[in-house]
Amino acid sequence: MIDAVLVMNTQGKPRLAKFYKSLSPVKQQEIVRKVYTGLSSRAEHFCNFVEADEIFGAGTKLVYKHFATLYFVFVIDSGESELGILDLIQVFVETLDSIFKNVCELDIVFNFNKVNTVLDEIVMGGQVVETNSTEIVKSVQEIFKLERG
Amino acid sequence: MSFTTMEQLKTIGRELAMGSQGVWGSSKEFLELVKTIGEAKSKAEEERIVLAEIESLKRRIQEPDVPRKKMKEYIMRLVYVEMLGHDASFGYIHAVKMTHDDNLLLKRSGYLAVTLFLNEDHDLIILIINTIQKDLKSDNYLVCCAALTAVCRLINEETIPAVLPQIVELLNHQKELVRKKAVMALHRFFQRSPSTVSHLFPAFQERLCDRDPSVMSAVLCALYDMILVNVKPFKHLVASLVSILKQAVEHRLPKSYDYHRTPAPFVQIKLLKILALLGTGDKAASENMFNVLGDILKRSDSTSNIGNAILYECVRTLTSIYTNPRLLQNAAEITAKFLKSDNHNLKYMGIDALGRLIKITPECAENHQLAVIDCLEDPDDTLKRKTLDLLYKMTKANNVEVIVERMVEYIRNISDNHYKTEISSRVIELAERYAPSNQWFIQTMNQVFEIAGDLVPQKVAHDLMRLIAEGAGEEDEDADSHLRSSAVQAYLQILKEPKLPSILLQVISWVLGEYGIADGSHSAEFIIGKLCDIVATRPGDDKLKGYVVSAITKICAFEKAAGQTVDLIPECVSFIEELYASHSTDLQQRIYEFHAVLKLDRDTIASILPMDASCEDIEVDKDLSFLNSFVESALANGSRPYLSDNERRGMGAMTTLASNNDAGTSSLLRFQPYEKPSIPEPAAALVTASHYSQDAIDQHDIYSSTITVSTSSRAPESSSNDGTRLKLEGVQKKWGRPTYTPEAQVPKNPINISDSVKVSSSAAGKEASSRNSSAPPYTERKQPSQEISAEKKKLAASLFGSKAGETKAKPAAKLQQNGTSKKAPAKPTSPPAPAPAPPPADLLDLSDSLPQIPSVDPVDQLADLISVDSSAATSTTSLVEQVLDAGKVATKGPSPQASLQKDSVSRQVGVTPSGGTNPDLFKDLFG
C-alpha cells in the first residue's frame, strides 16, 4: 500500500503531506525532514527510489520525482510496483497540470483543498483507485462545479 | 532553484499588494502569510510568523457569528499551519462542526480538515460518526464519496460496526465511483480488523465481476492484501484472475484504461502480484498462468517506463511461482536488458530481479558480473546498497573475503547509523558463516568494531572472545597460543589509536587479562599499565571498569600463582582506591574480591584463578556434599531433617532433586506462577541449623548461588563464614524468591565467553593476510593494477569465479566440523562447551613471524587442579562476571532457553548444528 504522499519544495518546505497511517504530528514533521534530507542530496540522474527502512519501517521505499521546484514523493511498501508508482506520480502531476493550467508550486500552496481532492480521487486509504488522468479530471471538475453551485 | 521560488513569491506578493483578487480565490491575508513565510530568512523568523498567525486565528475563530465561508478559510489556514509543524488542535472542533454543514463545499472542506487533523482514535471522532452515517445515505453521490473517503481515515475497530451496514449497501450503488470507494473502505476495514469483514469475502469476489472495470481493479487491491494473509480461500480464483489478465493484455478493457498505449498497466501489475502469491509452490495453479505470462513477456513494450514496470513484475511472478525453464530463460533476458540499461531505475530493478533469479538459477549471476560491479561502484547510494544486498545473497565460501571487504569499505564511508548497524550485522553474519580462518575472522571483527563500534550487539563481542579463548581446539595448543598472542599484539597496537568504542575496549581488557602475560613477552606491570590507560580514556564507563578490574585481578593472580610478587604501579593503586568508594556496587564487589584474592596463599589462588581456564567447565557440587558434616552435626543436635518441597507442599509440578543428604538442589527456571507466600518458620529457627535443613526449595537457589559456587571456589575459607551467610539468606527470603536463580548453576565458561571480546588488529591482520597465500582473492586484489577494466575483471572473478570456490570450500567445511566437535564435549547440564576448532592452515604460516610461547599446557595444569578438588575450578572472575551480566546469564542454565541459545550460538560461530558439511547457501535467505 501507499503509506504517505508528500509534496515538498526543494528547500524542504512541505506543500502537501498526506499520511495513510496514523502518525503523531511530531512524527510527521520528523518524517518530512528526514525525507527531505534523503532526497536533497541525490543527483538528478540517480534512480528514483530510496529505501526508507529507517523512516517508515522495513521494506518501505520512497519513490520520488523532481519537477521544477517540487519533489513529489510516494512512500510505498512491497505491495506496490516502484516503476508503476513512478507513472502514477506522472498521472498526478498531469492531472494537476490540466486542472491548474500549467501548475506551479503556488497553485499547490493556495489550492490546498483542490489538490487534496485530486489526490483523494487517485489514492484512497493507501490504495490506488484511479489511474486515468482524464477520468480524474472529470470527477474533480464535477465536484468543483457542485461546490460552486 | 530556491532563488526562483523566492522571485515567484515576490511577484505574487506584489500582485496581491496591488489589490488584485488573487487567481486562487483565497483571501489576501492568507496569501500574505504564505508570502512572508516564503521570504523568511531563518527558521526562527518563520516560527515567529507562524506563531503570530496562530494567535490571530485563535482569537478570530472564537468570535461569535463567523461567516461560514470565512470559517472555511480559517480552517484551511489551520491546516497549512499544522503542515508546517505547529499545533492547531484548538481549531479541530470547528473543523468537526463544518462537516455537519449542508453546503457541499463546506462539508468537503470539513471532511478534508478532519482527515488531516485527526487520527482514528481521537476523542472528537465520536462527534463525526453520526454525520458520516447520514452522509453515507445521501442521495448526492458526491456526499457519499466524501463520507467514504473520511471513513477510510477516521473509523477504528470499535466504530466499524456503526458504518459497516451502510457501506455494504453502497457496494450496489448505481454509480461506479461509489461502488469503488465502498470497496476501498471495506478494504481499509480489513486492514484494521480482518474479522469485521471476513464474512464479506463473497461480496468482494462478486464485485470482481463488476460491469465497471474500475471497481474490479479496486477489488484487486483488497484481494492482494487478503491473499497475503491467507492464500487458501482464494485458490479457486486463479482461473478467473488469469482470464481477467488475459483480457487486459489483449486490449479488451475500455480504451480509457490505457496508459501510454499500454493496456491497463496498473491492473496488470496488481494481477501479477496476486498471481505470484497464488502460484507460490503450487504447480497446478502455476501451469494455468504460464500462457498469459508468456504473452505479457512477448507483448510488453520495453521502451516505456510502464512497460518495464509490467515486465519486471512478470519476472517477479515467474521467480515466485513453480518454475518454467523456458519462461525463466525469458526472464533472465529481460533482467539482462535492465542491467545493461543506462537508466538507473532500470538498473535498480535489474539488480533486484537478479537477486530473485539467482535463488532459482544461481549460475545466471555470472553473465552479469561486470554490470553488477558497475552498480556496486556507482555513486548512487540506493543502487550501491541494492547491489550489496545482492552480493549478500550471493555470498559463498569462495567469495566471502571480497564481499565482506566491500561491505566493510561501505560502512566505513557512511554516517547513517541505521545502515551501519544493518550492514555490519550482515558482515558479522557472513564472517561467522563462511570465515576461511579464525585469523581472518578476528581481523574482520576488529574492523567492524572499529567502524561500527557500539552499534554492534554485545553478543558479537562475546562470540569473538569465545573464539579467542577456544582457539582452534585442544588438539593444537600451539596454534591456539599463536592466535591468542597475535590477538594480544594486535590489541596492544590498536590501543594506540584514540577514541575506541567501549565495546572494543571491553574485549581488549578481557583478552589482555586472560592472555596478556600468557606468552611471557609482556610483563605484568606493562599489561596492568595498559589496562589503567584504557580506563583513563573513558572515565565514566563503569562497565568497562568492571572488565578492567577483572583483568587486573586475573593478572595479579597469575603472577602470584607463579610465585612472583606483584607491585602495583601508582596509577593502578589510585584507580583501585577510587573504586572502593564507587557508586557502582558491582565495581565495589569486584574490588573487594580483588583484595580478598590477593591475600590468599599461592596454591589457593592457583586453584581459584587458574591460568587459561576460561573454557573449562565449572564443576558445581550439586549435592552440596561439602556441607555434609555441617548437616550431620546439626541433625545430631536435634534438628529436623530436610523435607523436599514435594513432600512439604504436595506440589508435584516443581522439579526438585532431593538427595539423601538433604542438600539436594535444583535451579531450573520456574514457569509456574509463584504460590502464595508460605508462613515463615518461627523466628528462632532462622538462626539454627534446623532452619537450613527444613527450608523449602525457595532457598535452594540462594544456597546454590551463594554457597555452592562461592564456597567451593574459595574452598579453604572457613565454614563459619557460611553460617553467617545462611542467616542472611534466610532473612532475604522474606522478600520472596531470589530472581537470579539460574546463575548459580551456570558453569564458568559460558559466562566468560559470553562476556566479551573483540579484536581489531588491522595492522597485524593485514600483514597476516598478505602473507597468507591460501586466500587468492585477497592477494589478487592487492596487486596494483594499471588497467581499470582488468581490475574489475579480477574483482568479478573473485566474486563470481566458481573454480576458486571448490578449492576454498574446504576451510568452511572445517569450521563446520569444528562446530560439531564443539557440541560434543558439552556436559549435559552445562551450556555450550568451548568449541575447539581444528587449526586452519594459515595459522601455521604465522608461527614463523610470531614469538614462540613457552609451552605450558594450561589444560594439564588444570587437570591437576581438578583432581585435587573438583569444585575448585570455579574462578572468582566468573562470579564477578556473572554479576556483571546477570540479565544475560539468567537465560542460560539447563532450560529450553539454554538449548535454544546454544543452538543460536553454534550458528553464530558458523556452524549448523545439524552438522552438514556443506553450508547451504540460500537456506536461510530463501527458506
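The gain in end-to-end length when the B:Ile93 to B:Ile569 segment is fully stretched comes to 164.1 nm, 0.36 nm per residue minus the alpha carbon separation.
For peptide B:80-87, the mean count of partner chain Cβ atoms within 10 Å of a residue's Cβ comes to 5. Taking other C-beta atoms within 10 Å as the exposure proxy, B:Ile591, B:Ile54, B:Ile576 rank B:Ile576, B:Ile54, B:Ile591 from fewest upward.
Couplings for the stretch B:171-187, taken from phi via the Karplus curve 6.51 cos²θ - 1.76 cosθ + 1.60 with θ = phi - 60°, read 4, 10, 4, 6, 7, 5, 4, 6, 4, 4, 6, 5, 4, 4, 5, 5, 4 Hz in order; Gly and Pro are left as x.
Cβ crowding within 10 Å, taken as a proxy for footprinting-reagent exposure, orders B:Ser56, B:Ser198, B:Ser582, B:Ser607 from fewest neighbours to most as B:Ser198, B:Ser56, B:Ser582, B:Ser607. Counting only Cβ charges, +1 for Lys and Arg and -1 for Asp and Glu, the dipole size of the stretch B:191-321 around its Cα centre is about 40 debye. Backbone geometry of the stretch B:316-329 corresponds, through the Karplus equation with coefficients 6.51, -1.76 and 1.60 at θ = phi - 60°, to 3J(HN,Hα) couplings of 4, 5, 4, 7, 8, 7, 4, 5, 10, x, 5, 5, 4, 4 Hz, x marking Gly and Pro. Between the stretch B:479-522 and the stretch A:112-140, the C-alpha centres lie 64 angstrom from each other. Helix A:112-122 and the long axis of chain A differ in direction by around 80°, with both axes built from C-alpha atoms.
Near A:Phe67, the amide H atoms lying under 5 Å from its own belong to A:Phe72; only residues 5 or more places off or on other chains count, and H is placed 1.01 Å from N. Within chain A, the percentage of alpha carbon pairs spaced more than 19 angstrom apart rounds to 51%. What shape does the stretch B:95-183 take by its C-alpha gyration tensor, where a ≥ b ≥ c are the square roots of the eigenvalues and a/c under 1.5 counts as rounded, a/b above b/c as prolate, and the rest as oblate? Judged from the Cα gyration tensor, the stretch B:95-183 comes out oblate (a/c at least 1.5, b/c at or above a/b). For B:Asp258, nonlocal amide neighbours, meaning residues 5 or more places apart or on other chains whose placed amide H falls under 5 Å from its own, are B:Ala264. Across peptide A:128-138, the mean count of Cβ atoms from other chains lying within 10 Å of each residue's own Cβ comes to 5. Evaluated with a Cβ-only charge set (Lys, Arg +1; Asp, Glu -1), the stretch A:51-149 carries a dipole of roughly 460 debye about its Cα centre, given to the nearest 20.
Counting neighbouring Cβ atoms within 10 Å and putting the fewest first, the residues B:His595, B:His173 line up as B:His595, B:His173. Sorting the segments B:80-88, B:436-444 by their residues' average number of neighbouring beta-carbon atoms within 10 angstrom, most packed first, yields B:436-444, B:80-88.
Distance between the C-alpha centres of the stretch B:100-168 and the stretch A:26-88: 30 Å, rounded to the whole angstrom. Where in the stretch A:1-20 does the amide nitrogen come within less than 13 Å of the point 7 Å from the Cα of A:Ser40, taken along Cα to Cβ? It comes to A:8-14, nothing else. Each Lys and Arg contributes +1 and each Asp and Glu -1, all at the Cβ; summed about the Cα centre of the stretch B:362-460, the dipole is approximately 320 debye. Near B:Asp301, no amide H atom lies under 5 Å from its own; only residues 5 or more places off or on other chains count, and H is placed 1.01 Å from N.
For peptide A:6-19, the mean count of partner chain Cβ atoms within 10 Å of a residue's Cβ comes to 3.
Among the listed pairs A:Lys34/B:Lys107; B:Lys396/B:Lys792; A:Lys34/B:Lys180, those whose Cα-Cα separation exceeds 26 Å are A:Lys34/B:Lys107; A:Lys34/B:Lys180. Per-residue 3J(HN,Hα) values for the stretch B:240-248, derived from phi via the Karplus relation 6.51 cos²θ - 1.76 cosθ + 1.60 with θ = phi - 60°, read 5, 5, 4, 6, 4, 4, 4, 4, 4 Hz in sequence order (x marks Gly and Pro).
Rule-based calculations on the coordinates, nothing more; no lab input. Remember, it's a predicted structure, so these values are computed and weren't measured experimentally. Every residue, glycine among them, receives a Cβ derived from its backbone with ideal geometry; neighbour counts consider all protein chains shown.
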